[in-house]
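Every number in this text was worked out from the coordinates using simple rules, so none of it is lab data. Just so it is clear, the structure is predicted and the values come from calculations on it, not from any experiment.
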Amino acid sequence: MSRDVLTTIQSRMSTFSKGQKLIGRYILENYDKAAFMTAAKLGQTVKISESTVVRFAAELGYDGYPAMQKAMQEMIRSKLTTVQRIEVSYDRLGTQDVLDKVVQSDIEKLRMSLAELSRTDFAATVEAIVKARRIYVLGARSSTALADFLTFYFKLIFDNVCQVQASLASDMFEQLLRVGEGDVVIGISFPRYSTRSVRAMEFARDQGATVVAITDSELSPLYDTANYRLLAKSDMVSFADSLVAPLSVINALIVAVGRKKSNEVTATFERLEQIWDEYQVYEKVEYGPQQ
C-alpha cells in the first residue's frame, strides 16, 4: 500500500461503497481537518455511522482508525501551508490551557519516539560516527538550531566536524565538495522539509558517504536517502514546530558517542578547565558561612 493515504484513496475510489466514497471524498477535499477528527466526528461530518468509518480504515489496510489517522497526520504535515497549520492548531487547542496542551503533547511525542526508534540504527550510527574520517552536520530552517546543538558538542569530542551552512543550496554543495567514503553526513529535517537538505543528502550518498537522517517518519524525503534513520516525532504548534523529541534523541546520540570517546572527552574538559581558570572565564563564587 502507498505510504501516501491520499494517493491510496484516489486510486481505490471506484471500488468503495457509497458510504466509503463519502468518507474518501471528504478526506481528499479536507485532509487538513480530517486528520485530526475522531472516527465519530468524521462520521458525523459526512453523515454516516462511526462503524462505517472504522471499516473504511480496515478497507485501506490499517489495523484500525487510529492507525489511519496517524498516517494521515504524518503525511499532511509536509503538505500544509503555514496558514493551514495555524488554523489546524487553533482547532486542536480549542479553549484548552495552551501550556498544558503543548507540554502534554511534547511528553507524548517523547514516548512515541522512544517506542519507535530503531536501536539497531542508533547503535550503527554511533559506531559510524566514532570511526568517521570526517563528520558533516546539516540542518536548515528550524532544524538549524538542532544542527548547532549537535555540532557544538561534537566539536568538543572530535576535531573533524563540519557544520554545513544552509543559507544557499550552492553553498551547501561547495561545503560538501570533498565528501566521500569514510565520511558521515548527518542530515536533520522536519516538516516542512527543506529541499536543500534533501538534495545535499542525496549528493553525499552518491559520493559514498554514510548518510544518517534525523527526521520524523518514513514519509520524510530523507528516509529513503539515508543508510541509518533516527526517527523522532515532532508536532505542529501553530506556526512553530515542537522539536523536543528530536532534541532528546540528539542528546542521547551525543551521550552515546561521548561514552565511546570517554578518554578524549575527559582530556578535552581537563584542558578547558585549565584555560578557564587561567584566563578567568567564569566568575568564582565564594560561599561564606551562613549567618
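Here the Karplus curve 6.51 cos²θ - 1.76 cosθ + 1.60, taken at θ = phi - 60°, turns the phi angles of the stretch 245-253 into couplings of 5, x, 5, 5, 5, 5, 4, 4, 5 Hz, with x standing for Gly and Pro. For Ile186, the residues whose modelled amide H falls within less than 5 Å of its own, excluding neighbours fewer than 5 places apart on the same chain, are Tyr136, Val137, Leu138, Val212. In the chain, the DSSP-assigned H stretches of four residues or longer account for a calculated mean residue ellipticity at 222 nm of -17500 deg cm²/dmol, using -39500 (n - 2.57) per stretch and the full residue count as denominator. Amide H to amide H, which residues 5 or more places from Lys233 or on other chains are under 5 Å from it, using H placed in the peptide plane? Excluding prolines and chain starts, which carry no amide H, the hits are Ser113. Rounded to two decimals, the Cα-based Rg/Rh of the chain, with Kirkwood Rh, is 1.07. Taking the centroid of alpha carbons for each part, the stretch 155-185 and the stretch 201-262 are 16 Å apart. Overall dimensions of the stretch 119-212, expressed as equivalent-ellipsoid semi-axes from the Cα gyration tensor (√(5λ), whole Å, largest first), are 19, 15, 13. Rounded to whole numbers, the Karplus 3J(HN,Hα) couplings from phi for the stretch 121-127 are 5, 5, 5, 5, 5, 4, 4 Hz, using 6.51 cos²θ - 1.76 cosθ + 1.60 with θ = phi - 60°, and x at Gly and Pro. Beyond 25 Å, what share of the Cα-Cα pairs of the stretch 177-277 remains, rounded to the nearest whole percent? Roughly 35 percent, once rounded to a whole number. 3J(HN,Hα) along the stretch 255-263, derived from phi through the Karplus expression 6.51 cos²θ - 1.76 cosθ + 1.60 where θ = phi - 60°, amounts to 5, 5, 5, x, 5, 5, 10, 4, 5 Hz, with x in place of Gly and Pro.
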